[in-house]
Amino acid sequence: MTGTEVDQSCLEDYHAQFSDMIAQSDSDALKRFIAARDALPVRERIVAGSDMKFLAGLKLFDADGSYSGLVAYDKSAVRTLEDWAVRHIHEMIHVMQFDRSAALHAIPANSDALFWLSPRDFMFSQIALEIDAYAKQGWLTNEFARISGCDLERDSYSLARDFAHAAEQTGHDTRKALAYMGVMQCFNGTMRSTVEGEGAVPFVFNYQRHAYDCYVSAIQRRIDEYGADYVQAMDYVRLTADDIIAMTDTLGVGSMINGKGELCEVYAPGDVHEDIKIAAHELGSHLQVAPRDELPTLEEGLARYGTTAPDIITATYGATYGPQAPHIG
């Protein structure tokens, strides 16, 4: 996320306008979003000339493995309140996921992690997170457009239009509409590739390839810091359906669950896009990760180390924290 930091006063203005508009509205969904957001340990900045692969992004950890919690917006993508609100909602959903899921702390980027998600499970987790963030971005930006009078035909509100359609198809059942959006995004979605000149690629492949690159880079940083023996001695765990539900149950509603509160049967924890399977397998072999069905679950990993999910999360932050609005700058 390197780049030149710009004047943050417009970010302060966006926050004030956004919060005031929601406080005066009848949107329970957006009020829940604000309440959850204000309890998160997160910073925000607008940058110019960045090397970000996306127009906004969440940096969870610094190079040394300490918690960062920085949401950065490319200046070109947040020229209006509406453009910022769309990206703000998406990125804050990601912070909420991280804040509730111990699995998301068990990664090579976190120098305090006691064990790591296997490469394959990490890559799957990133799709679960994006499904949740995009589906709920559609839900909440549809609400924002309604209370602000914004034109839903604007390009930035494409997901809001998708949610409106999904709501009609599902009898205005929010859980069903989110699940509908998630399935469509996962299996039919395409997006601009993070590789310049490649054009549009499948949604799943784009994010899982990016996740692979992030995982490898983090492994290399841990080797540089602690040596190869540290990585070779690391324990690995796998995700269960309950872990996926936990990380995508943000704002009190799951985007990947069925009417029984179970993970939708179309999602299989650990499943990855065909074009990334070979790379994931080779990386796992290089790291001497056991076959997936032989790996302990996250819950078993916590028990082995005598810790709990809340303790894992608190250890990442370094201390307990109280409610706080996103820090700007």
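Assorted remarks:
- Criterion: touching an Asp or Glu at 6+ places or on another chain (Cβ under 7 Å) and either among the hydrophobic types (A, V, I, L, M, F, W, C) or in contact (Cβ under 8 Å) with a residue 60 or more places away in the chain (or both) - qualifying residue of L70, L58, L81, L104: L58
- Cross-chain or 6+ apart pairs with Cβ under 6 Å, the range 133-159 first and of a type in the set (D, E, K, R), then open to solvent by less than 40 Å² (accessible area, probe 1.4 Å): K136/I93; E143/S27; E143/A29; E143/L30
- Single condition A280 does not satisfy, out of (1) touching a Lys or Arg at 6+ places or on another chain (Cβ under 6 Å); (2) open to solvent by 50 Å² or more (accessible area, probe 1.4 Å): (2)
- Residues satisfying the stated conditions in the range 228-237, i.e. at pLDDT 95 or above and either open to solvent by 10 Å² or more (accessible area, probe 1.4 Å) or assigned to a helix (DSSP H, G or I) (or both): M234, D235, Y236
- Cross-chain or 6+ apart pairs with Cβ under 6 Å, the range 107-120 first and touching a residue at least 12 places away in the same chain (Cβ under 8 Å) and in a loop (DSSP other than H, G, I, E, B), then acidic (D, E) and surrounded by fewer than 23 Cβ atoms within 10 Å (Cβ to Cβ): F115/D235
- Scanning the range 105-154 for residues that are polar (S, T, N, Q), at pLDDT 95 or above and within 30 Å of A228 (Cα to Cα) yields a count of 4.
- Note on the range 85-102: among residues that are among the hydrophobic types (A, V, I, L, M, F, W, C), over 8 Å from the mean Cα position of the chain (by Cα) and more than 13 Å from P41 (Cβ to Cβ), the one that is surrounded by the most Cβ atoms within 10 Å (Cβ to Cβ) is V86.
- Test: residue in the range 117-126 that is in contact with a helix residue (DSSP H, G or I) (Cβ under 7 Å, 6 or more places away or on another chain) and surrounded by fewer than 22 Cβ atoms within 10 Å (Cβ to Cβ): yes
- Looking only at residues of the range 66-83 that are open to solvent by less than 30 Å² (accessible area, probe 1.4 Å) and among the β-branched types (V, I, T), we find that the one that is farthest from N142 (Cα to Cα) is V71.
- Qualifying residues in the range 1-24 (those that are modelled with pLDDT of 95 or more and buried (at least 16 other Cβ atoms within 10 Å of the Cβ)) - the one nearest to G318 (Cα to Cα): H15
Each row is one residue, and each column tells you yes or no for (1) touching a Gly at 6+ places or on another chain (Cβ under 8 Å); (2) closer than 21 Å to V253 by Cα; (3) open to solvent by less than 40 Å² (accessible area, probe 1.4 Å).
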{"residue": "E130", "(1), (2), (3)": "no, yes, yes"}
{"residue": "A133", "(1), (2), (3)": "no, yes, yes"}
{"residue": "Q137", "(1), (2), (3)": "no, yes, yes"}
{"residue": "L152", "(1), (2), (3)": "no, no, no"}
{"residue": "D155", "(1), (2), (3)": "no, no, no"}
{"residue": "D162", "(1), (2), (3)": "yes, yes, no"}
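- Residue check for D112: open to solvent by 40 Å² or more (accessible area, probe 1.4 Å) and among the charged types (D, E, K, R): yes
- Long-range neighbours under 8 Å by Cβ, at least six apart or interchain, first residue without any contact (Cβ under 8 Å) to a residue 60 or more places away in the chain and on the phi < 0 side of the Ramachandran plot within the range 17-31, second in a helix (DSSP H, G or I) and of a type in the set (D, E, K, R): A23/K31
- Residues that are assigned to a strand (DSSP E or B) and open to solvent by 30 Å² or more (accessible area, probe 1.4 Å), drawn from the range 192-225: R192, A200, P202
- Residue within the range 65-74 that is charged (D, E, K, R), on the phi < 0 side of the Ramachandran plot and either in contact with a helix residue (DSSP H, G or I) (Cβ under 8 Å, 6 or more places away or on another chain) or not in a strand (DSSP E or B) (or both) present: no
- Checking each residue of the range 52-65 against the condition of being under 24 Å from D311 (Cα atoms), within 15 Å of the chain's Cα centre (by Cα), of a type in the set (A, V, I, L, M) and open to solvent by 20 Å² or more (accessible area, probe 1.4 Å) gives at least one match.
- Against the criterion of being under 22 Å from the mean Cα position of the chain (by Cα), open to solvent by 10 Å² or more (accessible area, probe 1.4 Å) and of a type in the set (F, W, Y), F144 does not qualify.
The values are calculated or read from the model by the stated rules, or taken from the named source; none is laboratory data. The structure presented is a predicted model; accordingly, all values stated were derived computationally and were not measured. Note that each Cβ is placed from the backbone with ideal geometry, even for glycine, and that neighbours are counted across all protein chains shown. Ligands, DNA and RNA are excluded from the accessible area calculation, which covers all protein heavy atoms including side chains. Shrake-Rupley method; radii C 1.70, N 1.55, O 1.52, S 1.80 Å.
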